[in-house]
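In what follows, a single structure is set out as structure tokens and then discussed.
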Amino acid sequence: MAARNVPDTDRRRLLAALAGAPVGAAFLAAGCSSGSNDPVSAAGGASTTRSNPTATRPVAPTFWTKPTVDSGADGLMVPEGWSASVLARTGEKVASTDYTWSPSPDGAATFSDPDGDGWWVAINHETGPGEGGGASAIHLTDDGEVMAAHRILGGTALNCAGGATPWGTWLSGEEFDQGRIWEADPTIANSGEPRPALGVFKHEAAAVDEPGKALYLTEDQPDGRFYRFTPSSWPNLGSGTLEVAKVSGGDTDGTGSVQWLEVPDPSAASEATRAQVGESTAYAGGEGLALGAGKVFFSTKLDNTVWAYDPKAATMSIVYRASGDDPVLSGVDNLWWDDSSKSLLVAEDGGNMELVALALDGSVTPILRVDGHDGSELTGPTVSPNRGFMTLSSQRGAADGIGVTWLVKGAFPIA
């Protein structure tokens with residue numbers, strides 16, 4: 001177990017990961033998953049002993065619809081026929097548990113329970129180590145009832161985004177100059193371990209390309225880089241090669257052919273990783289990452305762009321760039337790939353605080369909106385493995401920095 005360097009005490013999950021089976025994470029991406037459109041089977045195929053809400057769920061539409069109804073849950077507007085409730089609030093106990101929710105909820109992912117008992121959501125807290133920085137996890141039934149909540153990572157700082165692994169762990173990125181990636185099991189309290197081989201820099205998000213046996217990383221700097229990490233022995237994240245992208249030849253800066261160049265000192269002891277390879281390409285404030293349709297998508301906030309890297313073709317292109325005086329989508333931040341609708345869910349940091357569905361043709365549809373939370377940002381959009389719920393947060397809430405995390409129920413589309 002120690003040789004694998006993954007904080008997981010369940011032998012069944014270890015054997016599945018070593019065999020290449022995507023156990024645990026709701027990690028749905030064409031070319032990066034089992035190929036199934038069923039989130040449960042793609043996440044490991046475990047059936048649940050709890051009741052299944054899909055039997056009474058309304059017929060799913062073919063695409064997302066706009067938010068027109070006040071859910072009554074702290075300013076969250078939802079589409080007609082949907083509902084929402086507050087799942088957690090900063091400084092309050094989570095449902096009937098004894099766990100107090102920390103400030104600044106941020107990046108998140110959902111996971112099937114390894115024993116087939118509902119699902120988990122892991123959520124970062126972008127605050128200081130003395131204020132609750134790190135990550136938490138909530139265990140829910142398939143009907144959306146809270147069973148448990150606990151801390152999975154503590155003593156870290158400014159944990160912003162991250163990513164799920166196919167073996168059922170959460171990668172949490174620290175967003176400061178000496179930040180690292182940490183790995184934690186959402187089902188095990190205080191299971192976080194550092195992964196320094198993935199580089200020391202101002203981490204934002206991480207995404208695992210299992211077929212390519214590589215991880216992709218974004219850096220939240222005005223001149224941040226786009227990184228690839230290749231483990232020495234898959235899926236051990238204890239050692240490997242960190243590379244940075246050099247992109248050239250496209251009609252727009254940052255697009256074209258991609259070449260990967262090794263970062264000499266991932267520890268950044270000599271100089272910042274982004275400065276070590278002079279010909280590498282700068283991206284303006286790297287944010288969310290998601291894998292889908294055979295591509296690696298990431299967002300950059302300072303130029304309001306969503307990019308697509310094609311690992312097979314080794315090319316970079318633009319899916320979306322905000323333009324005009326009042327774009328529907330701006331302040332692009334956290335991303336979630338929704339395989340069933342073949343779309344990216346993009347959370348806005350600013351704008352008018354919407355969660356927007358971005359199709360691969362660049363078209364956009366708002367699906368959720370938060371009113372009255374000026375000065376906050378939407379974070380951590382997810383879809384549950386059984387496709388019955390979504391979760392997302394307002395990091396600083398409506399007032400006094402009181403973050404809010406919602407549980408949303410609706411008829412989500414199937415393309």
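Values quoted throughout were computed directly from the atomic coordinates according to the rules given, and no laboratory measurement underlies them. Note that the structure is predicted; figures quoted are calculated from it, not measured. Reconstructed Cβ throughout: ideal geometry from the backbone, glycine too, with neighbour counts over all protein chains shown.
Values computed for the structure shown
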item	result
Distance from region 272-338 to region 394-415 (C-alpha centre basis), Å	23 Å
Restraint check, LYS246/LYS295; LYS93/LYS295; LYS301/LYS342; LYS202/LYS246; LYS66/LYS213; LYS213/LYS409, Cα-Cα greater than 28 Å	LYS93/LYS295; LYS66/LYS213; LYS213/LYS409
Alpha-carbon gyration tensor eigenvalues x 5, square-rooted, for region 230-371, Å	29, 17, 16
Cα point-scatterer Debye curve for region 244-305, base-10 log of I(q)/I(0) at q = 0.12, 0.15, 0.19, 0.28 Å⁻¹	-0.35, -0.55, -0.87, -1.25
Under Karplus coefficients 6.51, -1.76 and 1.60, residue-wise ³J(HN,Hα) of region 87-95 in Hz, glycine/proline x	7, 7, 9, 3, x, 10, 5, 7, 6
Longest segment of the chain lacking trypsin sites (Lys or Arg not before Pro) that sit in a DSSP loop with at most 14 other Cβ atoms within 10 Å	1-212
FRET efficiency for VAL328 and GLU92, using Cβ-Cβ distance with R0 set to 30 Å, rounded to 0.05	0.35
log10 of Debye I(q)/I(0), alpha-carbon scatterers only, for region 143-261 at 0.13, 0.14, 0.20, 0.22 Å⁻¹	-0.55, -0.62, -1.10, -1.27
Length added when fully stretched, MET147-ASP265, from 0.36 nm per residue minus Cα-Cα	38.1 nm
ALA88 long-range amide H proximity, modeled H, under 5 Å	THR405
Other-chain or far-sequence residues with amide H under 5 Å of PHE389's (modelled H)	SER384
Highest-fluctuation residue, ALA282, ALA272, ALA357 considered, GNM on the chain with Cα pairs under 10 Å	ALA272
Region 281-336: mean projected area of Cα convex hull, nm²	4.0 nm²
Full-extension gain in nm, ASP253 to ALA275, via 0.36 nm per residue minus C-alpha separation	6.1 nm
Neighbour count of at most 16 Cβ within 10 Å plus DSSP loop: longest GluC sites (Glu not before Pro)-free window in the chain	280-415
Anisotropy class of region 325-398 from Cα gyration tensor, a/c 1.5 cut	oblate
Per-residue HN-Hα couplings for region 69-86 [Karplus 6.51, -1.76, 1.60; θ = phi - 60°; Hz; x = Gly/Pro]	10, 6, 6, x, 10, 6, x, 7, 8, 10, x, 4, x, 8, 9, 8, 9, 7
Net dipole in debye of the chain [+1 Lys, Arg Cβ; -1 Asp, Glu Cβ; about Cα centre; nearest 20]	1080 debye
Debye intensity ratio I(q)/I(0), log10, region 183-234, q values 0.16, 0.20, 0.25, 0.27 Å⁻¹ (C-alpha model)	-0.56, -0.82, -1.07, -1.13
HN-Hα J in Hz across region 391-403 - Karplus 6.51, -1.76, 1.60, θ = phi - 60°, x for Gly and Pro	10, 6, 9, 9, 4, 10, x, 7, 7, 6, x, 7, x
Most positive-pole-ward Cα, VAL277, PRO413, GLY324, against dipole of the chain from beta carbon charges	PRO413
Cα-only radius of gyration and Dmax that characterise region 288-377, units Å	12.7, 44
The chain, helix-only ellipticity at 222 nm - DSSP H runs n ≥ 4, -39,500 (n - 2.57), divided by all residues, nearest 500	-500 deg cm²/dmol
Estimated translational D of the chain in µm²/s (Stokes, Kirkwood radius over Cα pairs; 20 °C; 1.002 mPa s)	103 µm²/s
Where the Cα pairs of region 109-212 fall when distances are cut into 5 Å bins, in %	3, 15, 24, 24, 17, 11, 5, 2, 0
Among GLY155, GLY134, GLY278, residue whose mean-square fluctuation peaks in a GNM of the chain (springs only between Cα atoms under 10 Å)	GLY278
Total formal charge among the other residues, if their Cβ is under 13 angstrom from that of THR252, Lys/Arg +1 and Asp/Glu -1	-2
Charge dipole (the chain, unit charges on Cβ, about Cα centre) - positive-most of GLY224, PHE176, LEU289	LEU289
Net length gained if the chain between ASP400 and THR230 were fully extended (0.36 nm per residue, minus Cα distance)	57.0 nm
